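Let me begin by presenting the structure, written as structure tokens, before commenting on it.
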């Protein structure tokens, strides 16, 4: 009886001690606007996920703030990351969504204009582990990933640092592919239009979720053919299409090590973060709200309706430790990655 009474007292005191903190967070967010920064142009996979979260996270936060989405494309996510880190509000009213590559840019990049330390961000979580693919127009004459080693294949890409740019560079520099990269497209929508106009054959480093949700008719109507999976492990639905893992084309252990490092970023999925100076109680509240949102039936139904996968989500604490481990990667491995992907070159 004494033990039960002590436990009840502990729970009571804990709840009492938490009430002022919860009230403080609620008072802050009540009547306030929370802005979700999206690192891409409108209509792509990141935009869809960012707006999905913006529609649902507010009701899980104390005070139920009004939530708006704001697109801030540029430099493969570095512009958005830099805004959250340096220019945006530090009070908890800005939630950023960034590309995984932008998180590692201070490590693998060589830009003088990167002014953030990725280890200092307050990571909130990721809704899914990303899956990337290479796909080409069925009119391109390309039938398999092996074709990129036999002849020139023209693939579209976004800016330097995006998966569509760095993955294709890796296949050329590391594996000896003959891909001609046409870079500089603002986002996947523009790349898609270029494929339709026959300006390019296809693209790599593109989100599987974006393909299946943004242009579901492409696979159904045989407009494009998926020729490779760019991940550490095979996705069952993509495997049914006969698309091999690009890792299977690595000929040496060093090549495989570089590719595994690059693909490890896909575990981040689409990471959400806040400024380093954000008060801890508001970071904790945002993490709890994000986790609660991921199991909310309305959120999951909304995602399913848009055919957006919520697979292998990652909580904020795990994401934080994962970033810290990757940022501690040995310098020799980082140099091989930079050489293979062209990271830092011309940035």
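Computed from the coordinates by the stated procedures, all read-outs in this text should not be read as laboratory data. In this text the structure is predicted, and so the values were computed from the model without any measurement. All Cβ positions, glycine included, derive from the backbone under ideal geometry; neighbour counts span all protein chains shown.
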statement: Under the 7 Å Cα-to-Cβ spin-label approximation, residue 251 and residue 292 lie apart by a distance in nanometres of 5.6 nm
- prompt: Going by alpha carbons, how many degrees (0 to 90, nearest 10) lie between the helix axis of 2-29 and the longest principal axis of the chain?
  reply: 70 degrees
query: If the chain between residue 66 and residue 277 were fully stretched, how many nm would it gain, using 0.36 nm times the residue separation less the Cα-Cα distance?
result: 73.8 nm
- prompt: Expressed as cubic angstrom per residue, what is the convex hull volume of the alpha carbon set of segment 226-316?
  reply: 127 Å³
Spin-label pair residue 183/residue 217, simplified geometry with 7 Å Cα→Cβ offset, distance in nm: 3.3 nm
- request: Calculate, for residue 315 and residue 33, the FRET efficiency according to 1/(1 + (r/R0)^6) with r their C-beta to C-beta distance and R0 25 Å; round to the nearest 0.05.
  value: 0.50
statement: Counting only DSSP beta bridges fully inside the chain, the antiparallel percentage to nearest 5 is 50 percent
field: Gained length - residue 199 relative to residue 173, 0.36 nm times residue gap less alpha-carbon distance
entry: 7.0 nm
statement: Kirkwood Rh over alpha-carbon pairs of segment 132-265 plugged into Stokes-Einstein at 25 °C, 0.890 mPa s gives a D in µm²/s of 168 µm²/s
task: Show me 34-44, 148-158 ranked by packing, highest mean number of other Cβ atoms within 10 Å first.
output: 34-44, 148-158
- request: Compute the long axis of helix 253-263 from its Cα atoms, compare it with the longest principal axis of the Cα atoms of the chain, and write down the angle in degrees, 0 to 90, nearest 10.
  value: 50 degrees
message: If each DSSP helix of 4+ residues adds -39,500 (n - 2.57) and the sum is divided by the residues in the chain, what number results at 222 nm, nearest 500 deg cm²/dmol?
response: -13000 deg cm²/dmol
query: Pairing the Cα long axis of helix 280-294 with the longest principal axis of the chain, what angle in degrees results, from 0 to 90 and rounded to the nearest 10?
result: 60 degrees
task: Would you please give the FRET efficiency between residue 42 and residue 325, computed as 1/(1 + (r/R0)^6) with r the Cβ-Cβ distance and R0 = 45 Å, to the nearest 0.05?
output: 0.85
query: Based on the mean of other beta carbon atoms within 10 Å per residue, what is the order of 63-73, 303-313, most packed first?
result: 63-73, 303-313
- prompt: What is the Cα centroid distance between segment 283-347 and segment 123-184, reported in whole angstrom?
  reply: 21 Å
